[in-house]
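Here's the structure we're looking at; comments come further down.
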Amino acid sequence: MELSRLTIHELQEMIKKGETTSSDIVESVFKRIDAVEDKVRSYITLLRDSALEEAQQADREIKKGNIKTLSGIPIAVKDIMCTRGVRTTCGSRILHNYVPPYDSTVVMKLREAGAIFVGKANMDEFAMGSSTETSYFEITKNPWDLERIPGGSSGGSAAAVAADECIASLGSDTGGSIRQPAALCGVVGLKPTYGRVSRFGLIAFASSLDQIGPFTKDVEDCAILMNLIAGHDPMDSTSVPTSVPDYREYLSRGIAGWTVGIPKEYFIEGIDPEVSGAIEKAIKEIEGLGAKCIEVSLPHTDYCVAAYYIVAPAEASSNLARYDGVRYGLRSESGEGEDLLEMYKRTRSEGFGAEVKRRIMIGTYALSSGYYDAYYKKASQVRTLIKRDFEESFKKCDVILTPTTPTPAFKIGEKTDDPLQMYLSDIFTLSANLAGIPGISVPCGYTKAGLPIGLQLLAGHFEEGKLIQIASAYEKHSKTEKRRPEI
């Protein structure tokens, strides 16, 4: 058995028993990277030398009996989280040479827990995309079919876990960017409640929507990482000072007596028949675990895409105004000698890709004088209605169950010429970000072509424990065959 194929908790037990070493695990992961990375393209930056050095240091500490939660565990981080001394590009040319002087809070927490960082994962530029095709550096491929997308914007993080190029990873989710690629790559992905995990050091896309979360090979590993990254951070003003439970305690609990809501608005025309078939099978299996499934309504679902694509671009246009070629990042050489405004224009024109420019222009228009009330204010009001829909539904049920995506992974290039079709890829995930609630995607089957299908579960604010409880119960008792991609 290759060590790179194992989970965090399996490797933890082996380390404690002296059956393997941190160096062996890291070497196994890099052996796998050497074998498949040229096909998958999960990473923008690899950290081989520092990872091997850290592994040797971890082994010395383990011999002394100093074993931490993630001692010797290789982790990948989406290239939107600051890493001290390691370039952080956001998948963009404008930050292609930016090296942060500090760690983001989540990176610092994992580092303190003994994690070994093997690389910075590829992503859609500034997290704007659903397929990892907008990255300045390369297109990440889906490990299950190298002609298909892995999802986005955290496609590199999801693909790296699915391809065993790391043991687990971190991504960020602004409109589905953890759950959607998790579904398309056949791994577990959790978006926590807004404010549950610190965003300090996460380079902002849309500040009221962004949230960091884990990609893992199973639900237990998800609980392990959530125990480490969740919690209040005084460095983040949006971080909520509320207690964090031990998420591993939820892993052994059943769901008998639970009520699971099935929103009628999520089972619509356009869903791939194989996706809907897998979800219907999952509903029956969850009922077999003692839960009662009832129909609920989220009446403002039809407005989610429109509201999101006003709120998110508006916040992006504000956040990305800082990239002007003055303090850090790219400065256009062709703009030298011109006036300041010309330098700004040339730098931003050369530094940003087409999708980022599109969203900046949409957002700037929505915030402009005379249009703010008609667009941004109206979208914010609709957002409140969407949040209330969930609050009303959670009075009737413990969790809500939906497909994660309407289709399996599509072919690379299939939707790049049609931004609206690309945006609709996130139709089932956007609402959780607008409402600020947590969501998890777990594998629930495969298409006839062997592509993974994801099941999405949503819960009320700060109820990640419920999601881990039902996801773990489903994972343990599901009759879904456990497969691995053949690359």
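Tabulated results
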| item | result |
| --- | --- |
| The one condition in (1) buried (at least 24 other Cβ atoms within 10 Å of the Cβ); (2) over 20 Å from Ala432 (Cβ atoms); (3) among the charged types (D, E, K, R) that Asp124 fails to fulfil | (2) |
| Scan of region 418-431 for residues that are out of contact with any helix residue (DSSP H, G or I) (no Cβ under 8 Å at 6 or more places or on another chain) and in contact (Cβ under 8 Å) with a residue 12 or more places away in the chain, ordered by number | Met422 |
| Residue list for region 382-412, restricted to those being hydrophobic (A, V, I, L, M, F, W, C), assigned to a helix (DSSP H, G or I) and either under 24 Å from the mean Cα position of the chain (by Cα) or crowded, with 20+ Cβ neighbours inside 10 Å (or both) | Ile386, Phe390 |
| Single residue of Gly325, Gly353 found to be out of contact with any Gly (no Cβ under 8 Å at 6 or more places or on another chain) and surrounded by 15 or more Cβ atoms within 10 Å (Cβ to Cβ) | Gly353 |
| Pairs with Cβ under 9 Å, 6+ apart, first in region 179-202 and under 17 Å from Pro406 (Cα atoms), second part of a strand (DSSP E or B) and basic (Lys, Arg) | Arg179/Lys191; Leu184/Arg148 |
| Given (1) among the small types (Gly, Ala, Ser); (2) under 25 Å from Phe215 (Cα atoms); (3) touching a residue at least 60 places away in the same chain (Cβ under 8 Å), index of the condition Ser380 fails | (2) |
| Test: Ala230 is under 27 Å from His9 (Cα atoms), of a type in the set (A, V, I, L, M, F, W, C), loosely packed, with under 14 Cβ neighbours inside 10 Å and touching a residue at least 24 places away in the same chain (Cβ under 8 Å) | no |
| Residue satisfying all of: in region 327-347; hydrophobic (A, V, I, L, M, F, W, C) and within 35 Å of the chain's Cα centre (by Cα); modelled with the lowest pLDDT among these | Met343 |
| Enumeration of residues in region 392-412 that are touching a residue at least 40 places away in the same chain (Cβ under 8 Å) and farther than 13 Å from Pro150 by Cα | Ser393, Phe394, Lys396, Cys397, Asp398, Val399, Ile400, Leu401, Thr402, Pro403, Thr404, Pro406 |
| Output for region 362-372, where each listed residue is free of Cβ contacts under 8 Å to residues at least 24 places away in the same chain and of a type outside the set (S, T, N, Q) | Tyr365, Gly370, Tyr371, Tyr372 |
| Contacts under 7 angstrom Cβ, first residue in region 470-482 being touching a residue at least 40 places away in the same chain (Cβ under 8 Å) and under 11 Å from Glu220 (Cα atoms), partner aromatic (Phe, Trp, Tyr) and buried (at least 19 other Cβ atoms within 10 Å of the Cβ), 6 or more apart | Ser472/Tyr250 |
| Ser198 being small (Gly, Ala, Ser) and either over 13 Å from the mean Cα position of the chain (by Cα) or farther than 27 Å from Val275 by Cβ (or both) | yes |
| Which listed residue, of Lys466, Lys415, is part of a helix (DSSP H, G or I), of a type in the set (D, E, K, R) and either touching a helix residue (DSSP H, G or I) at 6+ places or on another chain (Cβ under 9 Å) or in contact (Cβ under 8 Å) with a residue 12 or more places away in the chain (or both) | Lys466 |
| Total residues in region 230-252, condition assigned to a loop (DSSP other than H, G, I, E, B) and closer than 26 Å to Phe428 by Cβ | 3 |
| Test: residue in region 7-29 that is touching a residue at least 60 places away in the same chain (Cβ under 8 Å) and farther than 23 Å from Asn227 by Cβ | no |
| All positions within region 104-138 that are part of a loop (DSSP other than H, G, I, E, B), under 18 Å from Gly213 (Cβ atoms) and either over 17 Å from the mean Cα position of the chain (by Cα) or modelled with pLDDT under 95 (or both) | Ala113, Ala115 |
| The listed residue being crowded, with 23+ Cβ neighbours inside 10 Å and either within 26 Å of Glu37 (Cα to Cα) or in contact with a Cys (Cβ under 6 Å, 6 or more places away or on another chain) (or both), out of Val188, Val197 | Val188 |
| Selection status of Ala379, at pLDDT 95 or above, on the phi < 0 side of the Ramachandran plot and part of a loop (DSSP other than H, G, I, E, B) | no |
| Any helices (runs of 4 or more DSSP H) falling wholly within region 263-358 and containing at least 2 residues that are within 30 Å of Phe394 (Cβ to Cβ) and out of contact with any Leu (no Cβ under 9 Å at 6 or more places or on another chain) | 273-288, 304-319 |
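Listed here are the residues, each with its yes/no results for (1) under 19 Å from the mean Cα position of the chain (by Cα); (2) under 21 Å from Tyr194 (Cα atoms); (3) at pLDDT 95 or above.
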residue	(1), (2), (3)
Ile440	yes, yes, yes
Cys444	yes, no, yes
Ala449	no, no, yes
Pro452	yes, no, yes
Leu458	yes, yes, yes
Leu467	yes, yes, yes
Thr480	no, no, no
Arg484	no, no, no
Ile487	no, no, no
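Matching residues to (1) hydroxyl-bearing (Ser, Thr, Tyr); (2) buried (at least 19 other Cβ atoms within 10 Å of the Cβ):
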{"position": "Ile25", "(1), (2)": "no, yes"}
{"position": "Lys31", "(1), (2)": "no, no"}
{"position": "Asp34", "(1), (2)": "no, no"}
{"position": "Ser42", "(1), (2)": "yes, yes"}
{"position": "Asp49", "(1), (2)": "no, no"}
{"position": "Glu54", "(1), (2)": "no, yes"}
{"position": "Ile62", "(1), (2)": "no, yes"}
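Okay, residues lined up against (1) crowded, with 24+ Cβ neighbours inside 10 Å; (2) polar (S, T, N, Q); (3) closer than 30 Å to Lys448 by Cβ:
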residue	(1), (2), (3)
Tyr102	no, no, no
Arg111	no, no, no
Gly119	yes, no, no
Met128	yes, no, no
Phe137	no, no, no
Pro143	yes, no, yes
Gly152	yes, no, yes
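The values are calculated or read from the model by the stated rules, or taken from the named source; none is laboratory data. From a predicted model like this one, the values you see are computed outputs, not experimental measurements. Neighbour counts run over all protein chains shown; Cβ positions are idealised from the backbone, glycine included.
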